[in-house]
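What follows is calculated from the coordinates using simple rules that are stated; it is not laboratory data. Note that the structure is predicted; figures quoted are calculated from it, not measured. So basically every Cβ, Gly included, is an ideal-geometry build from the backbone, and we count neighbours across all protein chains shown.
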Amino acid sequence: MPAELRELVQEAQARWTSRVGLSLDGADGTACQMECEPSELPEICNWLFSDRHYSFGGLVVEQRTRWELRYAFYGSEASWVHVVTYLSDAGDRFPSISGLVHAADWHEREAEDLFGLVFEGHPRLGDFVLHNDVWQDGVTPMRKTFDGRKPVTHRAPDLNWKPRRIVEETGAFAMPVGPVHSTATAPVYFQLETVGEDVIRAQPRLFYAYRGLEKIAEGRRADDVLLIAERISGTSAFAHSLALCQGVERLCHVEVPQRAASLRVFLAELERLRHHVAAIAGVCESTGLAVAAAHAAILEEDLLRISGSLTGHRYLFGLNAFGGLSTDFDDAACGRGAAAVAQVAEKLTVLQGMLSASSSFLDRLEEVGIVSFANARDFGLVGPIARASGLSRDLRKAQPYCGYDAIKFEVPQESEGDGYARLRLLFREAEQSARIVSAITRDLPAGRFRIPETDLRQGAALGWVEAPGGAALHWIRLGEEGRVERYRIITPSFANWHGFRLAAESFAFQDFPIILATFALSVHENDR
Amino acid sequence: MSQWVIRGLRTGVKSTRYPRVEETAAGTSPGLPVSTALSSDLAQSLVAHCPVDALHPSITGVDVSLRQCIHCFRCVRATNNPMDWKGGYEWATAASDRNEKGTRFGPAFSRSVHILVVDAGDCGACLNEVKQLNNPYYNMHRLGFFLTPTPRHADVLLVVGALTDHMRLPLRKAYDAMPTPKRVVAAGACALSGGIFGQSFMCAGGVGEFLPVDVEVPGNPPPPLAILHGLLVAVGRKPTAGSHHGPGGPAENGSG
């Protein structure tokens, strides 16, 4: 058991004695479950988050014989803590923890909207996932009694409906952007409120692309749900399918062959590299630096073609399978892929050098869209966005999987938290990914690429990965015949969209698209 | 700033020569399964591998409905008797008989065409492939295609995604705001049939019931060249898949 976790368990025992049921989970003793009464929740969660500096992973709500709420926290060295509380099916009121653990804010709003649970003390519930202008009151699609296969009768469209405004001063002005805006962008609506030059409020309205994936997964076969996992976010498909695979493999006690683990790292880093290059292209484009944007776009297409010619699919669909991968790759082909990746990485370094010498470009990024360390922590930001603000938690290091603990790489960190810090971080992470790709292909273990047959067991487990955008957590509960009973998808974009307004507010209108680009957030990954 | 000019010139021309010449670079398309001759026993077991009912037993073996196919590769990787798989990217078919009767845009549209892209709730992959059309490799400006942010300037509506309940009204408003004549191109299995999302409490299972779709582009996601072919079909500058052989080697078993 990691020292961090042992110390934590001792303190919890001393503090709450018999009021909290402590149990250690997993053969390696790296997960601790704390069962408590709903009334104890805020205190325990606050203690983990504020005193012990655990990161808030997410909230999993399950409707079984009674309500089961699971708050997942993780530390910095291979340790998970799940705070679990129960309430009879008849009740639906829980104390809100978001006053103390602000990172849980959106999780509670989502659970309120989709399950109809009430979080007492939460300041802002309603009109979140289910848009109030579309959905009738009282529809709770995630409850077991709701049939997710049938269409729902909605309100008649109200063409005069407008989202609530926050700034109501005389002369205040709200600029609506979206949900169909710009050229080829994902659907999201921003109401930019201002009294002059600066954006005062920039709360995004999301979930236009809400496809109800958690609901439609229920009752399906686990390997069909894997296809859904790939399509949570097409640009992070491999990461999400890997998270689900690892959850199922943990549940079914499957050890993935070494070759499969190495190939998974190879593909995951290839995807991260492509994601970051696309983000860099987005930043260049947002500042109007067309030549740089074209160069970055060439590199993105190069990486798509490398993925496509090696695996058959440009977005790495159809590769992950329970127990390994769906197909093997020739070592020589992987080597050629890695060589091509190295060429891309070289060109990326040149591009970075040229960008850092373009002062008109830097002027648009430096000291723009700042997220402080304290804000990043309070809002539970993850991934490159958090690391650009000095919060350097990376699940590949903190909770290693796929043999990442045996791979040498750095987790870059910046401290300024502005647009330029985020851009530098993207470049540095891309470089690390390219290095991992080339190191891993030099030394691919021989052997099987998959365990032939995975015996699906009943029960639940958590799978996690550091997706390109940050921590992704997948909670999977399997029932009879390998059917999915509950699939909870916690994505990095969900965490980071929550904090996006921190960066956008109090900056000028013309900075808005640039700040948006430096966040490189996925709407689809958020909406699910 | 001269460094950018020099760098740009040094990079040279990257653009594909499609549609004049077939594009053969590796990794530009995932390909699609094609009708395969198999004994009826083997055909039955192969059909069961498909998670989206894209495969159907036929007299000679297995037929494919490309509107459904999501490139999961299960009909080639999870079996000893795989489906035949074919490269290429000229997959677009006419969805409405408007096209087959030969109705085209008026002469005013034969040159530049402005395209509004609406993401009606996809996974982001289709949208990303649409974005690639503006990168130097595909550079669709050279063909007179331009993306526009406003429906008022749009001639073609390019829709991706399975159509979520939340996007119905924005999509309808965008379509209604476009001047006539207009065309609708639906790209990706989700926009055509709902794909893996299917029909549910949140997804309409495609945009066809909701908008008069003219051209359908299969794929999950369709690669940039397939989307480009779809746009060329929509403005009458390319024949549909299977209608006769263009330079890209159209899929011979197009479902349309």
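Here are some notes:
- Distance between modelled label sites at B:ARG111 and A:ASP363, nm, 7 Å Cα→Cβ extension: 3.7 nm
- Fully extending the segment from A:ARG165 to A:GLU37, taken as 0.36 nm per residue of separation minus the present Cα-Cα distance, adds 42.3 nm.
- Calculated FRET efficiency for the pair B:ALA26/B:ALA78, C-beta based, R₀ 22 Å, to 0.05: 0.35
- Among residues other than A:GLU366 with Cβ under 15 Å from its Cβ, the summed charge is -3 (Lys and Arg +1, Asp and Glu -1).
- Taking 0.36 nm per residue of sequence separation and removing the Cα-Cα distance, the A:SER88/A:ILE407 pair yields an extension gain of 110.2 nm.
- One decimal place: the segment B:LYS86-B:PHE146 gains 18.6 nm when fully extended, by the rule 0.36 nm per residue minus the C-alpha distance.
- For the stretch A:361-383 versus the stretch A:300-319, the spacing of their alpha-carbon centroids is 32 Å.
- Mean-position separation - Cα centroids, the stretch B:7-69 and the stretch A:438-453, in angstrom: 28 Å
- For A:VAL199, residues with placed amide H under 5 Å, excluding near neighbours: A:SER506, A:PHE507, A:ALA508, A:PHE509
- Inter-centroid distance (Cα atoms) of the stretch B:191-233 relative to the stretch A:266-280, Å: 26 Å
- The string of couplings for the stretch A:216-228 from the Karplus curve (6.51, -1.76, 1.60, θ = phi - 60°) is 6, 6, 5, x, 8, 5, 4, 6, 7, 5, 4, 5, 5 Hz, one whole number per residue in order, with x for Gly and Pro.
- Computed FRET value (nearest 0.05) for B:LEU9 with A:SER415, which takes r as the C-beta separation and R₀ as 51 Å: 0.85
- Phi to ³J(HN,Hα) by Karplus 6.51 cos²θ - 1.76 cosθ + 1.60 over the stretch A:194-202, Hz, x for Gly, Pro: 8, 10, x, 7, 8, 7, 8, 10, 9
- Database remark: amide H of B:THR148 closer than 5 angstrom to the amide H of B:ILE115, B:LEU116, B:VAL117 (H placed geometrically; neighbours at sequence offset of 5 or more, or on other chains; Pro and chain starts carry no H).
- Taken one residue at a time, the phi angles of the stretch A:302-315 give Karplus couplings (6.51, -1.76, 1.60, θ = phi - 60°) of 4, 5, 4, 6, 4, 4, x, 6, 7, 10, x, 10, 5, 10 Hz. Gly and Pro are set to x.
- A run of chain B free of exposed loop cleavage sites, with trypsin sites (Lys or Arg not before Pro) counted only in DSSP states other than H, G, I, E and B and at most 15 other beta carbons within 10 Å, reaches its longest extent at B:112-256.
- When the listed pairs A:LYS347/B:LYS131; B:LYS14/B:LYS131; A:LYS408/B:LYS14; B:LYS86/B:LYS238; A:LYS215/B:LYS173 are checked against a 24 Å cut-off, the alpha-carbon distance exceeds it for A:LYS408/B:LYS14; A:LYS215/B:LYS173.
- Label positions at A:SER182 and A:LYS144, each projected 7 Å from the Cα along the C-beta direction, are separated by 4.3 nm.
- Amide H contacts of A:ALA321: A:SER326, each under 5 Å away and 5 or more positions distant or on a separate chain (H built 1.01 Å from N in the peptide plane; Pro and chain starts excluded).
- Segments A:465-478, A:354-367, A:55-68, A:300-313 sorted - mean Cβ within 10 Å per residue, highest first: A:465-478, A:300-313, A:55-68, A:354-367
- Secondary-structure-derived ellipticity at 222 nm for chain B, considering helices only, amounts to -6000 deg cm²/dmol, per-run term -39500 (n - 2.57) for DSSP H runs with n ≥ 4.
- Shape category assigned to chain A from the gyration tensor of Cα positions, a/c cut at 1.5: rounded
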